[in-house]
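The numbers here are math on the coordinates, done by the rules we state, and not lab data. Only a predicted model underlies this, so the values are computations on that prediction, with no experimental measurement involved. With ideal geometry, Cβ positions are generated from the backbone for all residues, glycine too; neighbour counts draw on all protein chains shown.
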Protein chains: 2
Amino acid sequence: MSDIYSKISKSPTGQEYKIPSKDELEQEYDTIKNSAYDFVKNKKNRKVVIVQGLGFVGSAMATVVADAKDENKEPLYFVIGVDLPTPYAYWKIGMINDGLCPVVSEDEKLRNKTYNLVKNQKNLIATASERVYGIGDVIIVDVQLDVKNKIFTGVKDIEISIEGFKKAIETIGKYMKEDALVLVETTVPPGTCKKIVKPILSKIRKERDINKPVRIAHSYERVMPGKNYFDSIKNFWRTYAGIDNESEEMAREFLSTIINTKNFPLFCLKDTTASELAKVLENSYRATNIALIYEWTLLCEQLGLNLFEITKSIRVRKGTHDNIKDPGFGVGGYCLPKDSFLAQWAASNLFSSDVVLNITMEAMNINHNMPKHTFELLKNSFNNDLERKKILICGISYLQDVADTRNSPTAMLTDLILDDNGIPIVHDPFVDYWIERPNITKVSDIFSAIKEVDAVVFAVPHSFYLNLDITKLISKMKHPITIIDAQNIISDDKAIELNKAGCHVKGVGKGHWNTILKQNHNK
Amino acid sequence: MSDIYSKISKSPTGQEYKIPSKDELEQEYDTIKNSAYDFVKNKKNRKVVIVQGLGFVGSAMATVVADAKDENKEPLYFVIGVDLPTPYAYWKIGMINDGLCPVVSEDEKLRNKTYNLVKNQKNLIATASERVYGIGDVIIVDVQLDVKNKIFTGVKDIEISIEGFKKAIETIGKYMKEDALVLVETTVPPGTCKKIVKPILSKIRKERDINKPVRIAHSYERVMPGKNYFDSIKNFWRTYAGIDNESEEMAREFLSTIINTKNFPLFCLKDTTASELAKVLENSYRATNIALIYEWTLLCEQLGLNLFEITKSIRVRKGTHDNIKDPGFGVGGYCLPKDSFLAQWAASNLFSSDVVLNITMEAMNINHNMPKHTFELLKNSFNNDLERKKILICGISYLQDVADTRNSPTAMLTDLILDDNGIPIVHDPFVDYWIERPNITKVSDIFSAIKEVDAVVFAVPHSFYLNLDITKLISKMKHPITIIDAQNIISDDKAIELNKAGCHVKGVGKGHWNTILKQNHNK
């Protein structure tokens, strides 16, 4: 890596930011410290909050905290976002200091608030200087803790990036004030606060001759990118726990000022391990219910049934059955594909427990492989030969009406098509640049693209596809093509219309199409 | 079996009913027919409804149908409940004709209505005469369809009592009017209406020279025994489907008169197989979520966590996570331990499908074996030696505040204790006579019983136990005993109180007790 290259960090949209040198960071630290002290000076209730890690959670969290106000509508916190001075990370700092959200967001509120807090209110700033941890009253840990596994092959095989996390905690320990609160928001293996964070911080503080007990709390976020990004932090339920009564009280006090606790009262758990486990259990619950429906999807396709109507009929039973999931294309995002592994890893590595979360781990495997089913429906429509077939995949992100492409199941589908010498082409009204698969051809006009392709796969239920004019789509086709609907995009009437136009139509969980399209064909 | 014995049918409460002879049944038929015709005479909208099978569903359904009224508050239906003239079944007929519910019920409404309809309104009657099927406009099938398996050992191993069900349908076919609607309410393998019921009825009707197509619909009940037994039919959501448009319309029309569709609109599925599958899927969803929490229960016990508090914190997230289940003792009742097997059986036996419902079947196995965990907690408290230990199990039924003991997990616990030469003693404020385990000693006063026992297991969260005076319980003990709480009956404070009194206290999903009781002990 050349010296010059390593001094530049490029954002996904192409904006370049110069990474500061050590000397420049020292100067930056002095400036920020002065701004922070100016801000808190003569205002007893004001505090300095550091957010460590400026990804999907940290960057939004920094904005929410900087936006918090006291009863006189005065801002409460001077917020400093911290990330690393590396080409991979520094652009997030650059963007925030430009008043921009580093995460592409459909949430105007988040975008406007971030700009205003940085540029006008001036109590939100970002830096790569580690020394700012030394001026924080509350240090929020939002660094990533990734899992390398995609599927479960055995308890001993789970690999997590705990070293990076430990290093981040060490950095905090090196600089933190003796009475600061370390609030871990990162989704961690249950037991992390007590068995990893506390020993690391206590050891370094001892080396620094700090004898006061360290204050640590855990409170997990439920951030949901999309139109309500900001509100998914501010106006949403929060669970928290402290490693001791003082930590618990400090966390409660802080969270009460940033969360709308009037409508979303805080939930206190009496053990940080419980709070850590709650996060991974709630995502495991979700993941398992998705996996459960997958096996019933296969059954309903073979039995000629419309599973979407069946799950809809069951959800009517409110209070006990309204969380049953629909069939679908696959599972993506940051949390659901990994969180369960953290629990299983913690069981064996932090507690020497022999418990195996069999159903949960099986669910992880099913969910990871789920896009293969859509691929099979596609392949079968071409007599198992996709060679040179052009397949337009509608939807790149992992979720309806958002741009987030992390672990999107569409990536697996494109890979499978490429493996079979087919040609995947993608479309997504929300995604300008597909960072995980930059080389896949991306089209912006579905009606032009339809002229050139052999098949269309609806992979994400974006409103754009739900409102798509199928009649117009048919009129633009040069010849009948294959349509695979993995997300209940196509109504029965439209399926019949496509069928009448000669198209081959298949749908995930839509076994009834076999019958109604055959009936229609026989008419 | 002596001739005299075979002519008597004894109810669980000991009441004896003489089973009528064939001649007597013929006379009975004539009488009932005349009453029915008198009832419908000159009232165009009145119909005769036959309910086949007078168990938990059929007996309550008969009352709900007989209670249905038109806009002028006039009764709509003459209802005839039918069951078999056998010692095993006839007492149900006897009880209904006495104005009594054959199923012990905490629902005063159901009891009062049944009595009033039989004795005063006189449009509800029961009989063993098969010939009454010949006068029914609607014939509701509520016969049992049992599964012999308790655990899943392979697709080919599933055995269901389909022969008894087929015979019941044949009997209907032999007598039914040509334009009657057969409404199947029994939980059946998906595909049953089209692949079993229709062929049987069509064949017999052809033999009877009836050429009109037979009308068949499926609509599954969601009956819940307990205080709202009647309303769990009348005021609850209903899904239905017909084998053709006419059947669908007849079912809709009939159900609209007996269900409170203003508050609980009917849900129409376009395929009887879909309606049949919906029922077993909704119970599989429930069963799987119970099994999922079981593996996290084991984890939380090893990690020293209170899982009840964790699930409570997750349920706060309404709309997406409020159906997550609590830990517990085990799964019972008629539906949850068997319904999933019906889907798996149908897949291979009615559709030659190779789908295996892996997660669902694994859940069945976990749930069946769940009481073994409570047994292990108990056994460990006695150094794995239960010989001559007297164990008081609080709760026999499978559900809170009901008397229903079908497939109650308490049965497995008593068996396990007996196998280990312990002495199980049971208590349940709702159960007078435990039909499945008549030889187990049953006590009625828990405070007397506590003097004689070595351990208490709380197995069912009856309000009685939740309100139990633990301080008084301690005062009645002759010596400290073991308390196993499988249902979150004992608060932390009470656990500490029991611990201070020298009792050994353990709880399912209550890993935190290990810590707080040790702390208390060290004080």
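In debye, nearest 20, what is the charge dipole magnitude of the stretch A:5-274 about its Cα centre with +1 on Lys and Arg Cβ and -1 on Asp and Glu Cβ, if you could check?
With Lys and Arg at +1 and Asp and Glu at -1, about 180 debye.
Considering the dipole of the stretch B:197-320 built from charges on the beta carbon (Lys and Arg +1, Asp and Glu -1) around the Cα centre, which of B:Ile259, B:Leu299, B:Ile210 is farthest to its positive end?
With unit charges placed on the Cβ atoms, the residue in question is B:Ile259.
Quick query: amide H of A:Val426 versus all other amide H atoms, modeled in the peptide plane; which residues come in under 5 Å with a sequence gap of 5 or more or a different chain?
The list, which skips near neighbours in sequence, is A:Ile393, A:Thr441, A:Lys442, A:Val443.
So for the stretch B:5-271, averaging the separation of alpha carbon pairs under 8 Å that are six or more residues apart and normalising by length, what relative contact order in percent results?
17
Quick one: dipole size for the protein assembly as shown, taken about the Cα centre, charges +1 on Lys/Arg Cβ and -1 on Asp/Glu Cβ, in debye to the nearest 20.
Computed about the Cα centre, the dipole is about 1060 debye.
Hey, fewest Cβ within 10 Å first, where do B:Phe254, A:Phe39 land in order?
A:Phe39, B:Phe254
From the Cα gyration tensor of the stretch B:360-463, with a ≥ b ≥ c the square roots of its eigenvalues, which class applies: rounded if a/c is under 1.5, or else prolate if a/b is larger than b/c, or else oblate?
Verdict is oblate for the stretch B:360-463.
Say each of A:Asn260 and A:Gln121 gets a label point 7 Å from the Cα, pointing the same way as Cα to Cβ; how far apart are those two points in nm?
In this crude spin-label approximation the distance works out to 1.5 nm.
Would you compute, from DSSP H runs of 4+ residues alone, the mean residue ellipticity of the protein assembly as shown at 222 nm, taking -39500 (n - 2.57) per run and dividing by the full residue count, rounded to the nearest 500? Provide the component values of the computation, followed by the final result.
Numbers: 38 runs with 421 residues, N = 1046.
-12000 deg cm²/dmol, from helical runs alone.
Distance from the Cα centre of the stretch B:252-331 to that of the stretch A:316-372, in angstrom?
Computed from Cα coordinates, the inter-centre distance equals 17 Å.
Using unit Cβ charges (K, R positive; D, E negative) and no other charged atoms, how large, in debye to the nearest 20, is the dipole of the stretch B:320-433 about its Cα centre?
In total the dipole reaches around 160 debye.
Which of the lysines could a cross-linker bridge to A:Lys198, judged by Cα under 19 Å and excluding same-chain residues fewer than eight apart?
A:Lys166, A:Lys167, A:Lys174, A:Lys177, A:Lys206, A:Lys212, A:Lys270
When the Karplus curve 6.51 cos²θ - 1.76 cosθ + 1.60 is applied with θ = phi - 60°, which whole-Hz ³J(HN,Hα) does each residue of the stretch A:351-358 get, with x for Gly and Pro?
10, 6, 8, 9, 5, 10, 7, 4
Got a sec? Charge dipole of the stretch B:73-220, +1 on Cβ for Lys and Arg, -1 for Asp and Glu; which of B:Val188, B:Gly99, B:Tyr115 is way out at the positive end?
B:Val188
Check B:Val51: other-chain or 5+ apart residues with amide H under 5 Å from its amide H, H built from backbone geometry?
It is B:Ile80, B:Gly81, B:Val82, B:Ile140, by chain and number.
If you put a point 7 Å past Cα along the Cβ direction, how far is that point for A:Lys73 from the same point in each other copy, in nm, smallest first?
6.0
Could you tell me what fraction of 2.2 N^0.38 Å the Cα radius of gyration of the stretch B:240-290 comes to, as a two-decimal ratio? Let's see the in-between values first.
Details: Rg = 12.9 Å, N = 51, 2.2 N^0.38 = 9.8 Å.
This ratio for the stretch B:240-290 stands at 1.31.
Please report the net charge: other residues with Cβ closer than 13 Å to the Cβ of B:Lys41, K and R +1, D and E -1. Don't skip to the answer; put the middle values down first.
On the way: positive: B:Lys33, B:Lys43, B:Lys44, B:Arg46, B:Lys47; negative: B:Asp38.
Taking every other residue near B:Lys41 into account, the sum is +4.
Between the stretch B:409-441 and the stretch A:406-446, what's the alpha-carbon centroid distance in Å?
For the stretch B:409-441 versus the stretch A:406-446, the Cα centre distance is 61 Å.
For A:Ser491, place a label point 7 Å from Cα along the Cα-to-Cβ direction in every copy; what are the distances to the other copies, in nm, shortest first?
A:Ser491 label point versus its equivalents elsewhere: 5.5 nm.
Could you list the residues of the stretch B:416-458 with an amide nitrogen less than 14 Å from a label point located 7 Å from the Cα of B:Arg388 in the Cα-to-C-beta direction?
Hits in the stretch B:416-458 for B:Arg388 at 14 Å: B:421-423, B:454.
A:Tyr88 versus B:Lys156, label points 7 Å from Cα toward the beta carbon: distance in nm?
Taking the two extended label points, one gets 5.3 nm.
For peptide A:355-366, what's the mean number of Cβ atoms from other chains within 10 Å of each residue's Cβ?
Shielding by partners across A:355-366 averages 4.
Once the convex hull of the alpha carbons of the stretch B:38-150 is built, what does its volume come to per residue, in cubic angstrom?
Per-residue hull volume (Cα only) is 122 Å³.
Averaged across B:289-300, how many Cβ atoms of other chains sit within 10 Å of each residue's Cβ atom? Provide the component values of the computation, followed by the final result.
On the way: counts 9, 0, 3, 12, 3, 1, 10, 10, 1, 6, 13, 6.
Partner-chain Cβ atoms within 10 Å, mean over residues of B:289-300: 6.
Could you go through the stretch B:423-433 in sequence order and give the Karplus-derived ³J(HN,Hα) for each residue, using 6.51 cos²θ - 1.76 cosθ + 1.60 with θ = phi - 60°, rounded to whole Hz, and x for Gly and Pro?
10, x, 10, 10, 9, 7, x, 9, 9, 7, 9
Considering the rotation that carries chain B onto chain A, locate the chain B residue whose Cβ comes closest to its axis and report the distance in whole Å.
For chain B, the closest residue to the axis carrying it onto A is B:Asn323, 2.
With 10 angstrom as the radius, rank B:Tyr29, B:Tyr240 by how many other C-beta atoms surround their C-beta, starting from the fewest.
Details: B:Tyr29 19, B:Tyr240 24.
Sorted ascending by nearby Cβ count, the order is B:Tyr29, B:Tyr240.
Looking only at the protein assembly as shown, where both bridge partners belong to it, what percent of the DSSP beta bridges are antiparallel (to the nearest 5)?
Antiparallel bridges make up about 20 percent of those DSSP assigns within the protein assembly as shown.
Using only the Cα atoms of chain A, build the gyration tensor, take square roots of its eigenvalues as a ≥ b ≥ c, and label the shape rounded, prolate or oblate: rounded if a/c is under 1.5, else prolate if a/b is larger than b/c, else oblate.
In terms of gyration-tensor shape, prolate.
If you take every DSSP beta bridge whose two residues both sit in chain B, what share of them, in percent to the nearest 5, is antiparallel?
Numbers: 9 of 52 bridges.
Bridges in chain B are about 15 percent antiparallel.
Cut-off under 16 Å on the C-alpha distance; same-chain residues fewer than 8 positions from B:Lys338 excluded. Which lysines are left, in chain and number order?
Correct list for B:Lys338: B:Lys148, B:Lys150, B:Lys156, B:Lys279.
Counting residues in the stretch A:56-121 as N, plug N into 2.2 N^0.38 Å and put the Cα Rg over that result. Present the calculation step by step, with values, prior to reporting the outcome.
On the way: Rg = 12.0 Å, N = 66, 2.2 N^0.38 = 10.8 Å.
It is 1.11.
First select every other residue whose beta carbon is under 14 angstrom from the beta carbon of A:Val155; then total the charges, Lys and Arg +1, Asp and Glu -1.
Its environment carries a net charge of -4.
Distance from the Cα centre of the stretch A:96-161 to that of the stretch B:181-247, in angstrom?
Computed from Cα coordinates, the inter-centre distance equals 57 Å.
Is the protein assembly as shown rounded, prolate or oblate when judged by the Cα gyration tensor, a ≥ b ≥ c being the square roots of its eigenvalues, rounded requiring a/c under 1.5 and prolate requiring a/b larger than b/c?
oblate
Net charge within 10 Å of B:Glu282 by Cβ-Cβ distance, Lys/Arg positive one each and Asp/Glu negative one each, not counting B:Glu282 itself?
Here the count lands on +4.
Considering the options A:Leu377, A:Pro429, A:Ser463, tell which one lies farthest towards the positive end of the dipole of the stretch A:370-522, charges being +1 on Lys and Arg and -1 on Asp and Glu at the Cβ, about the Cα centre.
Towards the positive end, the residue furthest out is A:Leu377.
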